[in-house]
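Worksheet: one structure, shown below.
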Amino acid sequence: MDSHTKESSIRLLKELRDAYRGQLDTSVIDEIQTVVTALEQEETSSNYLTAFNWGDRVLELVGKVIRIVTNITDLMS
């Protein structure tokens, strides 16, 4: 994950956490914080697998937030 993508991911996760804190489960908030902290502490992303895993985790969390906030699963039924 390049530095721009990492910074954008951190910013996005923080904004989602702050905007929807009242609607999110504590476990989702904790998971967001864990990923944000890990991304902030990661100095280099020389390992492709690690970068891929963090990118995957970010997308997974964004999906969880969207699902919770919009009740998209109810609409799909």
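The values are calculated or read from the model by the stated rules, or taken from the named source; none is laboratory data. Just so you know, these numbers come straight off a predicted model, no measurement behind them. All Cβ positions, even for glycine, are placed from backbone atoms using ideal geometry, and neighbour counts span all protein chains on display.
For region 27-43, a residue qualifies if it is under 18 Å from Gly55 (Cβ atoms), of a type outside the set (S, T, N, Q) and free of Cβ contacts under 8 Å to residues at least 12 places away in the same chain, and exactly one does: Glu43.
Counting only helices (runs of 4 or more DSSP H) wholly contained in the chain, the ones carrying 3 or more residues that are at pLDDT below 85 occupy 48-70, 72-76.
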